[in-house]
């Protein structure tokens, strides 16, 4: 069958076996490379799936952060130091810590120079502040490791019109 004949040249037989071993080795190397590529692709897909699943949750959490901020803006002064309010602020603080642990931060807005990479202007308003300064945050923006996830919705200052400034 595949057994070498006794009168075959041993040198020729050695070459055949070496070529066969080289083929097997090359096949093993290709299989190993394919496995490594498959493993990398699978890890990449898992990471994308986790990021996709997390994105919806993050958007919900961002809404909560913004709702906390809005609620505290309208908090009556006489209730500011109440125990119940302190508890709610503690919950808000814990939520912010969780987001920070994931590298998520709020985008600074009020008082900052308008930056279209970080801010989305929803309105221009007359203001005493320098033109192009963010004067009000309408909705909180968020970034993750300096990459914008949700831009801050803001109102930006513009020059006061001359007609309204005249005393006539």
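Residue 27 fails exactly one of the following numbered conditions: (1) assigned by TED's automatic domain parsing to the domain that holds residue 156; (2) over 25 Å from residue 149 (Cα atoms). What is the number of that condition?
(1)
Could you count how many residues in segment 129-148 are at pLDDT below 85 and either touching a strand residue (DSSP E or B) at 6+ places or on another chain (Cβ under 8 Å) or closer than 22 Å to residue 67 by Cβ (or both)?
Qualifying residue count for the region: 3.
Mind checking which strands (runs of 3 or more DSSP E) fall wholly inside segment 64-151 and carry at least 3 residues that are outside the structural domain of residue 51 (by TED's automatic domain parsing) and over 30 Å from residue 51 (Cβ atoms)?
The strands (runs of 3 or more DSSP E) meeting that bar are 119-126.
Check whether at least one residue in segment 83-90 is within 21 Å of the chain's Cα centre (by Cα) and either surrounded by fewer than 10 Cβ atoms within 10 Å (Cβ to Cβ) or within 30 Å of residue 159 (Cβ to Cβ) (or both), and report yes or no.
No, because not a single residue in segment 83-90 is within 21 Å of the chain's Cα centre (by Cα) and either surrounded by fewer than 10 Cβ atoms within 10 Å (Cβ to Cβ) or within 30 Å of residue 159 (Cβ to Cβ) (or both).
Under the condition of being closer than 23 Å to residue 63 by Cβ and surrounded by 16 or more Cβ atoms within 10 Å (Cβ to Cβ), which residue from segment 121-134 is nearest to the chain's Cα centre (by Cα)? I'd like the intermediate steps shown before the answer.
Pass one, segment 121-134, residues closer than 23 Å to residue 63 by Cβ: 121-123, 134.
Checking which are surrounded by 16 or more Cβ atoms within 10 Å (Cβ to Cβ) leaves us with 121, 134.
Working: 121: 21, 134: 24 Å.
Ranking the candidates gives 121 first.
The values are calculated or read from the model by the stated rules, or taken from the named source; none is laboratory data. Computed from a predicted structure; not experimentally measured. Here Cβ is always computed from backbone atoms with ideal geometry, including for glycine, and neighbour counts include all displayed protein chains.
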